Amino acid sequence: MFTVASLWIPFTLIAALGQVARNAMQRSLTGPLGTWGATNIRFLFGFPFSIVFFAVVVTVTGDHISWPTAAFWPWLLLGALSQIVGTGMMLLAMNDRSFVVTTAYLKTEAIQTAIFGFIFLADHLTVLKVVAILIATAGVVIAALRPAGGKGFADLKPTLLGLGAAAAFALSAVGFRGAVIAVPGVSFVTAASYTLVFGLFVQTLVLSVYLLFRAPDVLRKILGLWRPSMLAGFMGAFASQFWFLAFALTAAANVRTLALVEVLFAQAVAYYSFKQPLSARELAGIVLIVAGVALLVAA
């Protein structure tokens, strides 16, 4: 039977689709702004939209809002700062010629999220859900690997970059879930929107200050490209809103595992838009992803 608790499933799917759209928009801005400039767009231009979302939610729910509690800030900072660190490590991986192998390690995020969620939040996962996470993650790793993709798995640098970035993103998911459930006396929708506003504020502040001192010309270029940046910022805030709604309802590991369907979306775009055929290895990976996600949803 469909319940409010099961809403995390459509919330996650919407967030994954929104993230694919945001990534496409950010990618078009990487050339003129550089990687960190394009990354800051999701925060700088997403922040105003998060305030709009929050105002609408509070108006509809009528929830009484107070200043964040002391328990809220450590979780929020863990989520916001870990996401920036994870992005930095992922960018380093992109500059490494072992990027494909590193990407495969990066997809261990769901497993690490399950571990960190259990340690820090006592998130309970059934045996079936653990099996589902392992199956879906194995599918993504298989689909991500390419023959002759550079250095092997034994190489230390891609191993550390991939696992480190995955750990940072896993900690970010756990941190944001911890912050959402630490907001007292309001609906889960308000708690999610409340956390998003403060999260984007911290990330905007950190990256904007960094660019101000390290690359002030990039900030000027960002403001000059405000029209396309505004749309990318909206899609970023939109996707994050639904990620946080999902985090409010279930363990972060469930959300990040179901989010692996993003790989299926990307494969579909490659197949139908660019006529890129699927290899037997990619097809096997997709089958495992679908099986793992289906088991997760059914468990």
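The values are calculated or read from the model by the stated rules, or taken from the named source; none is laboratory data. Just so it is clear, the model here is predicted, and its values are computed rather than measured. A quick note on method: Cβ atoms are made from the backbone with ideal geometry, for glycine too, and the neighbour counts reach across all protein chains shown. Side chains included, ligands, DNA and RNA excluded: accessible areas come from the protein's heavy atoms. Shrake-Rupley method; radii C 1.70, N 1.55, O 1.52, S 1.80 Å.
May I ask you to rank Y210, Y105, Y194 by accessible area, largest first, using a 1.4 Å probe over the protein chains only?
Final ranking, largest accessible area leading: Y210, Y105, Y194.
Towards the positive end of the charge dipole of the chain, with charges on Cβ (+1 Lys, Arg; -1 Asp, Glu), say which of V186, P68, G79 has the farthest Cα.
Going by the Cα projections, it comes out as G79.
What stretch of the chain, leaving out the sites themselves, is the longest with no trypsin sites (Lys or Arg not before Pro) in a DSSP loop having at most 15 other Cβ atoms within 10 Å?
Looking at the chain, 98-274 is the longest stretch - no exposed trypsin sites (Lys or Arg not before Pro) with at most 15 other Cβ atoms within 10 Å.
Beta carbons within 10 angstrom, averaged per residue: use that to sort the peptides 230-237, 118-125, highest first.
230-237, 118-125
Quote to one decimal, in nm, the extra length available between S6 and K157 on full extension: 0.36 nm per residue of separation minus the C-alpha distance between them.
Working it through step by step, the gained length comes to 50.4 nm.
Sorting check: for 290-298, 28-36, 78-86, which peptide has the highest mean count of neighbouring beta carbons within 10 Å, and how do the rest follow?
Peptide ranking by packing, descending: 78-86, 290-298, 28-36.
Counting only protein heavy atoms, what percent of the accessible surface of the range 161-229 is carbon or sulfur at a 1.4 Å probe?
Here it works out to 72 percent.
What are the ³J(HN,Hα) couplings of the range 238-249, residue after residue, when phi is run through the Karplus curve with 6.51, -1.76, 1.60 and θ = phi - 60°? Round to Hz, x for glycine and proline.
Result, ordered by residue: 4, 4, 5, 4, 7, 4, 5, 4, 5, 4, 5, 10 Hz.
Sorted by accessible area with a 1.4 angstrom probe, largest first, how do D217, D63 fall?
D217, D63
Once you have the Cα-Cα distance between S208 and M230, take 0.36 nm times their residue separation minus that, and quote the gain in nm to one decimal.
6.3 nm
Springs between alpha-carbon pairs under 10 angstrom, Gaussian network model over the chain: which of L249, L260, L223 fluctuates most?
Residue with maximal mean-square fluctuation among L249, L260, L223: L223.
Assuming R0 = 41 Å, can you tell me the calculated FRET efficiency for the pair A215 and V56, based on Cβ-Cβ distance, to the nearest 0.05?
With R0 = 41 Å, the Cβ-Cβ based efficiency is 0.75.
For the peptides 180-187, 9-16, 68-75, 238-245, what is the packing order when you average, over each peptide's residues, the other Cβ atoms within 10 Å and list the highest mean first?
238-245, 9-16, 180-187, 68-75
Using only the Cα atoms of the chain, build the gyration tensor, take square roots of its eigenvalues as a ≥ b ≥ c, and label the shape rounded, prolate or oblate: rounded if a/c is under 1.5, else prolate if a/b is larger than b/c, else oblate.
oblate
Please get the size of the charge dipole for the chain, origin at its Cα centre, with Cβ charges of +1 on Lys and Arg and -1 on Asp and Glu, quoted in debye to the nearest 20.
It works out to roughly 640 debye.
Find the relative contact order for the chain and round it to a whole percent, using C-alpha pairs within less than 8 Å whose residues are 6+ positions apart.
That works out to 39 percent.
If you roll a 1.4 Å probe over the heavy atoms of the protein chains, what accessible area per residue do you get for the chain, in Å²?
46
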